[in-house]
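Peer 1: Attaching a single structure in structure tokens format; questions to follow.
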Amino acid sequence: MTIKVGDKLPSVQLTQATAEGPKPVTTDELFKGKKVALFAVPGAFTPTCSAKHLPGFKEQAGAIKGKGVDTIACLSVNDAFVMKAWGESQGVGDDIVMLADGNGDFTREVGLSLDGSKFGMGPRSQRYSMIVDDGVVKELNVEQGGEFKVSSADYLLAQL
């Protein structure tokens, strides 16, 4: 079952890519008492993710946070080392928290898995964005097919 607006996010452990290395973090820690703009991508370093999705959130970080968002987070079914390297290559700094859902636990729990097997990528996340307030989904924007429209930073910013 896919998560929907009004649902509480599941309690799952992710890994945060930090300057000191991988750091386990629970969704409860990440979302409790905060307004979070979360966006998920099928894969770090992949074309649309690297050329449009992550850069859009980097460019709009100030405007998004100016609308009351405490944290902007990027999630992918990749390991924390890949997420850290990708964040560094994109120059996200402290603007975006890079989250690894290495085993895809969160992605499965929210019902937003994607089968990337035909591309040699295995199970991945669909491309989406959401606004989460104190662990509850307030907006959810899931892309259809190979599109990149409703999960963009500009689209999410207009929802704030």
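Peer 1: Distance cut-off 27 Å, Cα to Cα: go down the list 34/118; 58/118; 35/84; 23/58; 8/118 and report the pairs above it.
Peer 2: Violating the 27 Å Cα-Cα cut-off are 34/118; 58/118; 8/118.
Peer 1: What is the gain in length, in nm to one decimal, between residue 25 and residue 1 on full extension, counting 0.36 nm per residue of separation less the C-alpha to C-alpha distance?
Peer 2: 6.2 nm
Peer 1: Just need the relative contact order of the chain here, percent rounded to a whole number, with Cα pairs under 8 Å and 6+ apart.
Peer 2: Details: 333 pairs, mean separation 49.9, N = 160.
Reported as a whole number, the value is 31 percent.
Peer 1: Follow-up. Could you estimate the translational diffusion coefficient of the stretch 13-159 from the Stokes-Einstein equation, with Rh from the Kirkwood formula over C-alpha pairs, at 25 °C and 0.890 mPa s, in whole µm²/s?
Peer 2: The diffusion coefficient I find is 164 µm²/s.
Peer 1: Run the paramagnetic zone check for residue 118: 7 angstrom along Cα to Cβ, then residues of the stretch 134-160 with backbone nitrogen under 15 Å.
Peer 2: Counting only backbone N, you get 145-147.
Rule-based calculations on the coordinates, nothing more; no lab input. Predicted model, so just to flag it, every value in this text is computed and none were measured. With ideal geometry, Cβ positions are generated from the backbone for all residues, glycine too; neighbour counts draw on all protein chains shown.
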